[in-house]
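Enquirer: The structure is given below, and queries will be raised subsequently.
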Amino acid sequence: MATLLDYDPLRGLEQWEDRTQDGRLQIHYRQDVEPVLELAKIERDHGLADKNGKKPDIFLYARIPNTVQLEMKHKYGLDMNNKNHLKRIFELINSDYPYCKTTNKKHFLKR
């Protein structure tokens with residue numbers, strides 16, 4: 001039976017502990033990502049993230065929920081905080097996670 005270890009109400013992120021039948025420990029993360037993805041959709045549909053009067057060359061590209069960040073790290077070995085991984089992260093956002101985007105623009109890094 002799973003046991004709740006931690007809950008972050010700001011992000012809606014839950015951390016659960018579970019034991020397999022052979023006694024191994026497993027940690028699971030759960031998050032209701034719907035509010036984050038709904039906000040990204042509203043921003044994308046209305047071009048809100050593209051409108052930045054202070055610095056027109058900088059805009060919010062995507063809202064990546066914590067569980068999606070963990071999935072990227074687990075499945076692809078990518079760390080959002082590692083600038084060397086950003087090129088591949090942008091590629092993945094465009095191909096596998098377009099619902100996280102706050103814009104209809106395509107972004108890529110030359111490297």
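Enquirer: Tell me the Kirkwood hydrodynamic radius of the chain in angstroms, computed as one over the mean inverse distance between distinct C-alpha pairs.
Expert: 15.8 Å
Enquirer: For segment 33-111, what does the relative contact order come out to in percent, with C-alpha contacts under 8 Å and a separation of six or more?
Expert: 41 percent
Enquirer: On to the next question. Go ahead and estimate [θ] at 222 nm for the chain from helices alone: -39,500 (n - 2.57) per DSSP H run with n ≥ 4, summed, over the residue count, rounded to 500.
Expert: -9500 deg cm²/dmol
Enquirer: 7 Å from Cα along Cα→Cβ at both Trp16 and Ile58: what's the point-to-point distance in nm?
Expert: So the label points at Trp16 and Ile58 sit 3.9 nm apart.
Only the coordinates and a few stated rules stand behind these numbers; no lab work does. All of these numbers come straight from a predicted model, not from anything done at the bench. Backbone-built Cβ (ideal geometry, glycine too); neighbour counts: all protein chains shown.
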